[in-house]
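The values are calculated or read from the model by the stated rules, or taken from the named source; none is laboratory data. Predicted model, so just to flag it, every value in this text is computed and none were measured. All Cβ positions, even for glycine, are placed from backbone atoms using ideal geometry, and neighbour counts span all protein chains on display. Calculation scope for accessible area: heavy atoms of the full protein, side chains included, ligands and nucleic acids excluded. Shrake-Rupley method; radii C 1.70, N 1.55, O 1.52, S 1.80 Å.
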Amino acid sequence: MKKTGIIILYLGFLTVTNAQQQGDLKQVIAEMLEPLAEKQLIQQDYSELLDDLIFLYDHPLDINKVTKENLERIPFLTDYQIENILFYLYNNGPMLTIYELNAIEDLPPETIKLITPFLKIYPESPRLGSPKFSYADALGRVRSLLQTPTGYFPANDSTPPVFSGSKQRIFLRLNANLNNTILTGFTMEKDPGEPSFTNGIPVMDFMSGYIMFKPNKILKKFIAGDFKASFGQGLGLWTGLAFSKNSNVIDIRRRGKGLEKYSSLNENSYLRGIAAEFNIKSFSFNLFGSYKKIDGTLSGAETISAIRDNGYHRTATELLYRNNITETVAGGIASWKSNTLRIDAGQTFWKIDKILTTDETLYRLLNFTGDSLYTTFAGYNWFGKKLILFGEIAIQNFTTPALYQGLTFSPGADIQLAMNYRYYGNSYFSIHSNPFSASSAPAGERGFYAGISFIPFKNAKVNAYFDFFSFNRLRYNIDKPSSGSDILIQAGYNFNKNISLYGRFRSLHNEHNVLNYTGNDFPVTNRKTNSFRLWFKYDISHEWWIRQRFEQLFFNEKGGLRSDGFLICSDAGYSFKDKISANIRIAHFDTDDYYSRIYIYEPDVHYSFYIPSYAGNGLRFILNVSVKPVEKLQFWFRIANTSYSSTDKTGSGYNTVEGNNLTEIKLQLKYRFK
């Protein structure tokens with residue numbers, strides 16, 4: 001790969017280019033999301049994980065009224081930092097200025113910079129944790145490729161296009177909040193290629209809505225419509241996505257939010273019905289019932305071979321599978337908590353109106369089959385001064401167990417440790433559950449994780465983890481029980497409040513069927529993927545900032561395929577008095593094949609988080625512009641272009657585009673009614 005000239009180009013670009021908190025926030029969020037993207041088989045909408053954070057950004061918490069549960073909504077705070085903030089408030093009384101955060105033990109400047117957008121000091125705050133307010137807002141977004149993939153063209157005069165709808169992705173959302181007591185919202189969206197305003201789909205493919213009441217201390221919340229549920233460590237009940245292991249190596253304890261409204265775009269990450277939470281002194285009770293249609297791959301009149309979760313309804317086949325299964329879910333969770341201990345126990349029941357079957361493929365023989373699933377689970381969190389213990393156990397249909405046990409330990413202000421052990425039965429079915437795991441399909445997994453974070457000297461920090469895992473069953477393209485390991489080491493240094501860098505090494509070892517093997521015995525071999533990253537930031541002033549990232553990846557199959565990938569990208573941004581902001585990215589990537597692809601967060605419009613993989617050889621250009629002409633109205637514009645070299649077409653299947661260029665346009669508008 002010819003990189004020398006391009007590196008010089010990027011170093012030159014660095015010298016010509018808003019040290020805003022948003023840029024740092026999105027970078028930290030990207031660090032948390034990229035490992036999750038690598039586990040997914042399809043591209044996800046990760047804004048689901050960040051809806052609550054976006055809400056806090058628009059409506060900061062009152063730092064002098066916060067509770068532990070309030071602060072746990074901010075993922076950048078560790079459990080120990082939360083305890084230190086509450087201890088400071090208890091000992092010293094209300095803060096007079098947000099800058100008092102600097103006086104709190106184990107709260108470094110970079111963390112303070114990240115959390116201050118979510119905290120504020122209000123003159124009066126009649127409601128615990130956040131002030132009373134009323135608002136309504138409307139958000140609309142349109143995304144489209146300028147080029148047209150082959151799936152939108154008719155094969156001939158008598159055959160219509162494969163994709164039934166237009167190539168635009170359209171998203172609309174309305175939200176209203178009355179004194180944080182009544183909240184309501186409505187969302188609708190169509191993916192590229194999906195039809196809308198037809199007999200089968202009267203408006204758009206995905207329609208979602210909710211109304212939530214927070215009437216009093218006993219009936220804490222009541223939700224009608226779409227909602228999500230997250231409890232314990234994700235073994236028994238956790239709809240939707242959850243953060244995976246990442247460079248924040250101590251963050252292995254899930255912070256479930258219980259029952260919450262749903263307003264995201266993932267079409268399978270929610271429940272639909274009614275839900276309520278009751279509080280009586282130290283006890284809380286959560287009850288819910290859900291009834292909705294989902295997608296399934298039909299294998300007979302009354303059977304399905306798979307539950308489809310990609311949310312696409314573009315082609316005749318995909319439309320045939322749309323909403324062809326009825327799903328019923330019901331459950332209850334009881335909790336008790338004191339100052340140092342929380343215990344949860346619950347039961348859920350899941351049922352569909354067709355039978356989920358399997359075939360004779362070897363790796364599917366241990367998969368769950370049937371039309372109903374009972375899950376019983378119990379978990380705990382115990383908070384000591386320096387030690388935190390947490391865990392959960394679950395059993396499905398009274399036969400398949402799952403176990404997760406973890407701890408974090410802080411022996412001193414400059415060092416923190418974390419460990420976990422997990423075991424998931426061979427037929428563990430992760431429907432409406434999402435535990436910590438090394439794979440997107442955790443059935444049969446057993447693993448041990450250890451992480452350490454320490455400060456070797458002033459302004460420096462080292463994070464590292466080791467994760468060993470094994471699978472006691474066959475898996476897709478792995479025709480024997482297998483094992484692997486994942487190691488990450490990251491060292492960073494802050495030269496001052498404006499300049500910092502870090503370097504990272506990650507090594508992933510696992511077993512897999514030999515690639516491109518033509519025999520009949522499917523031998524399994526070892527794979528190793530090593531990656532190196534160097535990241536640099538410089539906040540030139542309050543208006544200008546730059547970021548630089550270099551990444552090299554090496555893929556090696558023992559006795560077989562070897563490939564490597566390279567990425568270098570530069571970001572620069574500018575903002576002016578919250579009225580105008582812009583950022584630009586130029587990236588060069590060169591990967592040998594799919595196995596050396598590199599995942600990277602891309603700057604996007606507000607409320608949108610996109611983490612694609614870069615593969616092939618080319619240049620990527622992105623421009624984001626935000627304009628706020630008046631207080632209640634804001635516009636965003638994004639253009640992204642990829643120019644590939646040595647190819648005359650891009651994409652695959654029905655998404656193939658003739659030529660070596662892809663250009664995407666995105667427009668977004670938000671209006672706030674007050």
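Scanning the stretch 366-414 for residues being more than 23 Å from Gly256 (Cα to Cα) and not in a strand (DSSP E or B) gives a total of 9. Of the residues making up the stretch 167-185, those that are among the β-branched types (Val, Ile, Thr) and either in contact with a Phe, Trp or Tyr (Cβ under 7 Å, 6 or more places away or on another chain) or assigned to a loop (DSSP other than H, G, I, E, B) (or both) are Thr181, Ile182, Thr184. On the stretch given as the stretch 276-300, residues that are loosely packed, with under 15 Cβ neighbours inside 10 Å, small (Gly, Ala, Ser) and touching a Phe, Trp or Tyr at 6+ places or on another chain (Cβ under 7 Å) total 1. Once the stretch 68-104 is narrowed to residues that are in contact with a helix residue (DSSP H, G or I) (Cβ under 8 Å, 6 or more places away or on another chain) and under 30 Å from Leu271 (Cα atoms), the residue that is surrounded by the fewest Cβ atoms within 10 Å (Cβ to Cβ) is Lys68.
Taking Glu511, is it surrounded by 15 or more Cβ atoms within 10 Å (Cβ to Cβ), acidic (Asp, Glu) and within 21 Å of Tyr363 (Cβ to Cβ)? In short, yes. Restricting attention to the stretch 264-275, the residues being farther than 15 Å from Asp309 by Cβ and open to solvent by 10 Å² or more (accessible area, probe 1.4 Å) number 3.
Can you find, within the stretch 381-405, the residue that is nearest to Ala441 (Cα to Cα) among those that are modelled with pLDDT of 95 or more and open to solvent by 70 Å² or more (accessible area, probe 1.4 Å)? Only one residue tops the list, namely Ile393. Each residue in the stretch 458-468 was checked for being among the hydrophobic types (A, V, I, L, M, F, W, C) and within 22 Å of the chain's Cα centre (by Cα), and 2 of them qualify.
When Phe76 is tested against the conditions (1) under 26 Å from Ala136 (Cα atoms); (2) not in a helix (DSSP H, G or I), the lone failure is (1). Assessment of the stretch 410-432 against the conditions (closer than 19 Å to Arg254 by Cα, in contact with a Phe, Trp or Tyr (Cβ under 9 Å, 6 or more places away or on another chain), modelled with pLDDT of 90 or more and surrounded by fewer than 16 Cβ atoms within 10 Å (Cβ to Cβ)) yields at least one matching residue. Residues in the stretch 308-330 that are touching a His at 6+ places or on another chain (Cβ under 9 Å) and at pLDDT 95 or above: Val329 alone. Here is a check on your reading of the model: is Gly225 at pLDDT 90 or above, buried (at least 19 other Cβ atoms within 10 Å of the Cβ) and at positive phi? Criteria met by Gly225. Applying a threshold of 7 Å to beta carbon distances and a minimum spacing of six or more residues, or different chains, the list of pairs starting in the stretch 301-324 at a residue that is open to solvent by 60 Å² or more (accessible area, probe 1.4 Å) and ending at one that is part of a helix (DSSP H, G or I) reads Tyr312/Glu318. Condition check: farther than 30 Å from Ser453 by Cβ, at pLDDT below 90 and either open to solvent by 10 Å² or more (accessible area, probe 1.4 Å) or of a type in the set (D, E, K, R) (or both). Does Lys245 satisfy that? So Lys245 fails the test. I'd like the full set of residues that are charged (D, E, K, R) and not in a loop (DSSP other than H, G, I, E, B), limited to the stretch 646-674. Lys649, Glu658, Glu664, Lys666, Lys670, Arg672 - these are the residues of the stretch 646-674 that are charged (D, E, K, R) and not in a loop (DSSP other than H, G, I, E, B).
Listed by first and then second residue, the pairs linking a residue in the stretch 630-654 that is exposed (fewer than 10 other Cβ atoms within 10 Å of the Cβ) to a residue that is not in a loop (DSSP other than H, G, I, E, B), with Cβ atoms under 7 Å apart and 6 or more places separating them unless they lie on different chains, are Ser646/Asn617.
Only strands (runs of 3 or more DSSP E) whose full extent lies in the stretch 438-539 are considered here, and the ones with at least 3 residues that are closer than 22 Å to Gln405 by Cβ are 445-454, 460-471, 482-494. Among the residues of the stretch 540-568, those identified as under 30 Å from Tyr363 (Cβ atoms), open to solvent by 70 Å² or more (accessible area, probe 1.4 Å) and in a strand (DSSP E or B) are Phe554, Arg562. Just name the residue that is modelled with the lowest pLDDT out of those in the stretch 35-46 that are assigned to a helix (DSSP H, G or I) and surrounded by fewer than 19 Cβ atoms within 10 Å (Cβ to Cβ). Only one residue fits best here, namely Lys39. Residues that are in contact with a Pro (Cβ under 9 Å, 6 or more places away or on another chain), within 29 Å of Asp371 (Cα to Cα) and part of a strand (DSSP E or B) occur at least once in the stretch 415-422.
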